[in-house]
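A.B. asks: I'd like to ask you about the structure that follows.
The values are calculated or read from the model by the stated rules, or taken from the named source; none is laboratory data. Note that this is a predicted model, so its numbers are computed, not measured. Glycine also receives a Cβ, built like all others from the backbone with ideal geometry; neighbour counts cover every protein chain displayed.
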Amino acid sequence: MIEAGGSQPFKIFIREWYTNNSNRLGNPSGKIVRTLSGHHEMVRGILVLNDKSDRLLSCSDDYTICLWDLKNGQLIKQFNF
C-alpha cells in the first residue's frame with residue numbers, strides 16, 4: 001500500500017500489505033517499510049508504473065515530479081516544471 005500526505009504531507013510511505021489464503025487483498029499491517037522523502041511541499045499525486053520496473057512517479061505543490069525506485073527507496077530523477 002502506498003500512502004501520500006497525511007500527518008507528514010511531504011513524504012510518501014510504503015506500507016506492508018498481506019493477502020489472505022484465497023489471494024484476495026487483506027488488511028494492511030500498518031508497518032511502514034519505506035519512506036520516500038524528496039518533496040518540499042504537499043504531495044498531490046502518485047503513479048506506480050505498470051512496466052515491472054518497480055518505479056513510482058510523484059508530483060507535488062513544489063512544482064516537481066519525482067521518479068523513485070521502489071526497491072530501495074532512492075530518488076532516481078527530479079523534474080522541475
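A.B. asks: Checking residue 2 against (1) crowded, with 16+ Cβ neighbours inside 10 Å; (2) modelled with pLDDT under 85; (3) touching a Pro at 6+ places or on another chain (Cβ under 8 Å), only one condition comes out false. Which one?
C.D. replies: So residue 2 meets the others, but not (3).
A.B. asks: Cβ contacts < 9 Å: first residue within 13 Å of residue 35 (Cα to Cα) and in contact (Cβ under 8 Å) with a residue 12 or more places away in the chain, restricted to the stretch 48-74; second residue acidic (Asp, Glu) and not in a loop (DSSP other than H, G, I, E, B), any location; separation 6+ or different chain. Result?
C.D. replies: These pairs meet every condition: 56/69.
A.B. asks: Please go through the stretch 39-80 and give me each residue that is surrounded by 13 or more Cβ atoms within 10 Å (Cβ to Cβ) and on the phi > 0 side of the Ramachandran plot, ordered by number.
C.D. replies: 73
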